[in-house]
Amino acid sequence: MKRLLILILLIGFSIPTNAVADCSTKACVDVFTENNQIIITARKGSGGAATKKPVVATPKPKPTLWFPPKPKPVPTVKRTYKPRTKVKKVAAQSINLSDRIIKMVPTSTIAYQPEFEPLVHVPVIFWCDVPTFFQSQVTLIGEVIDFALRPGFVWEFGDGTSLQTTNPGAPYPNQKITHTYKQPGTYIVGLVATWNGDFSHQGVTRAISGTIKIPSFAVITVVSASSRFTK
């Protein structure tokens, strides 16, 4: 299973050869997953390395003889003092140099046909309402970030059988995912949509760290067909 998931990730989301480090001299941008959410972070960089100024040696002054000057009489002047006005200091408004945005991916709902008591030995059609492509664009501290994700699906039909696919399925007559139950009963159908993808910033595309897994469930009751005797 791990080898298959790694193969799907490499085929669907190859990292271009011109990918560079996440942090540039102007801004540091990162997109990753956390608690089944997309986290986009950005902060301003250093703006480049500071240039060093050449050190110029200053000549030392030569020692000279010095005699204090004679004091001069200072006339007495009556000064009037005005009351000082208190100046209210205004704190400079700090500039936000970093930001963080949380994005949610679409959730899934399981649907099936026929909707009421499917029969044994008759294919049941399954699908979900998840898009096959999810993209968004955000702007943080003046930096434009684009990201795109695609889902993969793992179906568990409740009778011990499963199916792994990138197709969300479709209702009749364009059904893509079907399953036939051999025994009557109530089954819990599970679906796990796994999202992964990449993001672009300043013309460079990088893979999003981690994946997002969104589970969903549905209960289906399968019945036997009634028997009829004919003469």
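Structure summary
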item	result
Candidate aspartates and glutamates for bridging to LYS26, where Cα separation is under 19 Å - those fewer than 8 sequence places away on the same chain excluded	ASP99, GLU143, ASP146
Given charges at beta-carbon only (K, R positive; D, E negative), |dipole| of the range 124-231 in Debye	600
Nearest-10 value in Å² for the accessible area of LEU163, using the 1.4 Å probe	70
Charge dipole (debye, nearest 20) of the range 99-152; +1 at Cβ of Lys and Arg, -1 at Cβ of Asp and Glu	140
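The values are calculated or read from the model by the stated rules, or taken from the named source; none is laboratory data. Keep in mind the model is a prediction, meaning the values are calculated, not measured. Here Cβ is always computed from backbone atoms with ideal geometry, including for glycine, and neighbour counts include all displayed protein chains. In case anyone asks, the SASA skips ligands and DNA or RNA and just uses the protein heavy atoms, side chains included. Shrake-Rupley method; radii C 1.70, N 1.55, O 1.52, S 1.80 Å.
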